[in-house]
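**Student:** Please find one structure pasted underneath; my questions will follow.
The values are calculated or read from the model by the stated rules, or taken from the named source; none is laboratory data. These numbers were taken from a predicted model, which means no experiment stands behind them. We place every Cβ from the backbone using ideal geometry, glycine too, and count neighbours over all the protein chains shown. Keep in mind that these areas ignore ligands, DNA and RNA; they rest on the heavy atoms of the full protein, side chains included. Shrake-Rupley method; radii C 1.70, N 1.55, O 1.52, S 1.80 Å.
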Amino acid sequence: MFDYETLKLIWWLLVGVLLIGFAIMDGHDMGVGTLLPILGKDDTERRVMINSVAPHWDGNQVWFITGGGAIFAAWPFVYATAFSGMYWALLLVLFALFFRPVGFEYRSKLPNPAWRATWDWGLFAGSAVPALVFGVAFGNLFLGVPFTLDDTMRSFYSGSFWALLNPFALLCGVVSLSLLTLQGATFLAHRTEGALQQRAKIAASVLVIVLLAAFSGAGVIVWRIEGYIIQSIGDVGGVINPLMKEVTRQPGAWFGNFQKMPILWLIPAIAYVGALLALLAIKAGKTLLAFVGSSLACVSVILTAGVALFPFILPSSTMPKASLTAWDATSSYVTLNVMLWVALIFTPIVLAYTSWAYHVMAGKITRDFIAANDKQLY
């Protein structure tokens, strides 16, 4: 249906769509988990928070799983290199995520306050740590990941876990954490009422400021660091390996795509529009509109990073020509084509089912609702 070059571009876009879906859907679950021990002042309020996302959190996590599967299938070279090089960081995310299903299921099994408080902090860690590490990972992509390729295309990583935690990457982690926590705060403001809702509104207002400050600061730094430019490459519509190109580095290169197509500046602009919309809507009491605004910010921040990096997926700081791109790190034409048909068939089904589930489970979660369904709820 499409030629190989077009399929490569389509799958770059589809992986981005999955990441955006994760940020919007599972992001508000993680945001609620991050805010759980902060906004919930007693056990009932924390149960209100947990049960606001309880019907959907496991389904929303499928966006994350599907995204990982799509990277494995569409960009196996990227998957292998990133998961071996960033092994400890990804293992940290995995172990943090363990707290989520266990915490949801076991927190309310016992009425003991210490038991429940322990699981509350477990849910916090299972939500905040992945959100932070995802941003740290993106930050390191802009700096370049220290790996090389030999003549047989084997990758060798020369960095360390602690090297990933550099100041710029941590700033990107703050962007990610504040973005997903904002998503959770606006969701809570929409699903709750009373004092808890007011605290969620205050949290959302603070998080908008943190997000915009961190996003702006990261942008300034990206302008100053050395980006990557492809000087020459083989036929991007054919089968090429990563070593069949020449790559140079120069300050400001990550803004190259925006300079070539000025209309792309609208993408980062939407982050400010979405965040400010969330802030104004919160103050006006229009909580659903606030959630739409924070969702727009999620779309914009991820697209901004993707457009800045394109076509690079995993740049190499020690061997720039070995950097993995959307043109030379993809699966075969047949694989991408079959995957596209699967995506075209099943993505609308998933979206329809998710929309129906949220429609059925719509409404406020209140203290009275928790008391009336004490034995059935988390």
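**Student:** Of all residues in segment 46-69, count the ones that are at pLDDT 90 or above and open to solvent by less than 20 Å² (accessible area, probe 1.4 Å).
**Tutor:** 7
**Student:** Among the strands (runs of 3 or more DSSP E) confined wholly to segment 153-252, which include 3 or more residues that are on the phi > 0 side of the Ramachandran plot? Step through it out loud before you land on a result.
**Tutor:** Details: elements: 155-157, 226-233, 245-251.
So the answer is none; nothing clears 3.
**Student:** When the residues of segment 70-98 are filtered to those that are among the aromatic types (Phe, Trp, Tyr) and in contact (Cβ under 8 Å) with a residue 24 or more places away in the chain, which remaining residue is surrounded by the most Cβ atoms within 10 Å (Cβ to Cβ)?
**Tutor:** Within segment 70-98, the first condition is being among the aromatic types (Phe, Trp, Tyr), and the residues that meet it are 72, 75, 77, 79, 83, 87-88, 95, 98.
If we keep only those that are in contact (Cβ under 8 Å) with a residue 24 or more places away in the chain too, we end up with 75, 77, 88, 98.
Details: Trp75: 24, Phe77: 19, Trp88: 12, Phe98: 12.
Going through the qualifying residues, I end up with Trp75.
**Student:** Have a look at Gly217, Gly227 and point out the one that is under 24 Å from the mean Cα position of the chain (by Cα) and closer than 19 Å to Ala326 by Cα.
**Tutor:** Numbers: Gly217 fails: closer than 19 Å to Ala326 by Cα.
So the residue among Gly217, Gly227 that is under 24 Å from the mean Cα position of the chain (by Cα) and closer than 19 Å to Ala326 by Cα is Gly227.
**Student:** Can you say whether Ile38 is open to solvent by 30 Å² or more (accessible area, probe 1.4 Å), farther than 30 Å from Trp327 by Cα and aliphatic (A, V, I, L, M), as far as the supplied structure shows? Let's see the steps before the verdict.
**Tutor:** Numbers: open to solvent by 30 Å² or more (accessible area, probe 1.4 Å): yes; farther than 30 Å from Trp327 by Cα: yes; aliphatic (A, V, I, L, M): yes.
It is true that Ile38 is open to solvent by 30 Å² or more (accessible area, probe 1.4 Å), farther than 30 Å from Trp327 by Cα and aliphatic (A, V, I, L, M).
**Student:** Tell me, which residue of segment 202-234 that is out of contact with any strand residue (DSSP E or B) (no Cβ under 7 Å at 6 or more places or on another chain) and aromatic (Phe, Trp, Tyr) is modelled with the lowest pLDDT?
**Tutor:** The selected residue is Trp223.
**Student:** Take the residues in segment 272-282 that are more than 21 Å from the chain's Cα centre (by Cα) and within 17 Å of Thr192 (Cβ to Cβ), then tell me which one is surrounded by the fewest Cβ atoms within 10 Å (Cβ to Cβ).
**Tutor:** Checked segment 272-282; the qualifying residue surrounded by the fewest Cβ atoms within 10 Å (Cβ to Cβ) is Ala281.
**Student:** Another question, then. Could you pull out the residue among Leu188, Leu243, Leu180 that is within 24 Å of the chain's Cα centre (by Cα) and within 27 Å of Ile313 (Cβ to Cβ)? Step through it out loud before you land on a result.
**Tutor:** Details: Leu188 fails: within 27 Å of Ile313 (Cβ to Cβ); Leu243 fails: within 24 Å of the chain's Cα centre (by Cα).
Residue meeting the stated conditions: Leu180.
**Student:** Can you name the residue in segment 235-249 that is touching a residue at least 12 places away in the same chain (Cβ under 8 Å), out of contact with any strand residue (DSSP E or B) (no Cβ under 6 Å at 6 or more places or on another chain) and not hydrophobic (A, V, I, L, M, F, W, C) and is also surrounded by the fewest Cβ atoms within 10 Å (Cβ to Cβ) among such residues?
**Tutor:** Among residues in segment 235-249 that are touching a residue at least 12 places away in the same chain (Cβ under 8 Å), out of contact with any strand residue (DSSP E or B) (no Cβ under 6 Å at 6 or more places or on another chain) and not hydrophobic (A, V, I, L, M, F, W, C), the one surrounded by the fewest Cβ atoms within 10 Å (Cβ to Cβ) is Gly238.
**Student:** Looking only at segment 1-40, filter to residues that are outside any helix (DSSP H, G or I) and touching a Leu at 6+ places or on another chain (Cβ under 9 Å); which one of those is farthest from Gly67 (Cα to Cα)?
**Tutor:** Here is the first cut: in segment 1-40, the residues outside any helix (DSSP H, G or I) are 1-3, 40.
Within this subset, residues satisfying the condition of being touching a Leu at 6+ places or on another chain (Cβ under 9 Å) are 1-2, 40.
Numbers: Met1: 23, Phe2: 22, Gly40: 31 Å.
Taking the candidates together, the pick is Gly40.
**Student:** Suppose we keep only residues that are assigned to a helix (DSSP H, G or I) and among the aliphatic types (A, V, I, L, M) within segment 354-369. Which one would you say is most open to solvent (accessible area, probe 1.4 Å)?
**Tutor:** Filtering segment 354-369 for residues that are assigned to a helix (DSSP H, G or I) and among the aliphatic types (A, V, I, L, M), the one most open to solvent (accessible area, probe 1.4 Å) comes out as Val360.
Conditions tested, residue by residue: (1) open to solvent by less than 40 Å² (accessible area, probe 1.4 Å); (2) under 21 Å from Leu143 (Cα atoms).
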| residue | (1), (2) |
| --- | --- |
| Ala204 | yes, no |
| Ala214 | yes, yes |
| Ala218 | yes, yes |
| Glu226 | no, yes |
| Ile233 | no, no |
| Trp254 | yes, yes |
| Lys260 | no, no |
| Trp265 | no, no |
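**Student:** Let me ask something additional. Does Val360 qualify as being over 23 Å from Glu5 (Cα atoms) and free of Cβ contacts under 8 Å to residues at least 60 places away in the same chain? Before you say what the answer is, go through the steps one by one.
**Tutor:** Details: over 23 Å from Glu5 (Cα atoms): yes; free of Cβ contacts under 8 Å to residues at least 60 places away in the same chain: yes.
Judged against the criteria, Val360 is a match.
**Student:** Related question: Could you check segment 256-352 for helices (runs of 4 or more DSSP H) lying wholly inside it with 3 or more residues that are under 14 Å from Thr186 (Cβ atoms), in contact with a helix residue (DSSP H, G or I) (Cβ under 6 Å, 6 or more places away or on another chain) and small (Gly, Ala, Ser)?
**Tutor:** Output list reads 266-283, 287-309.
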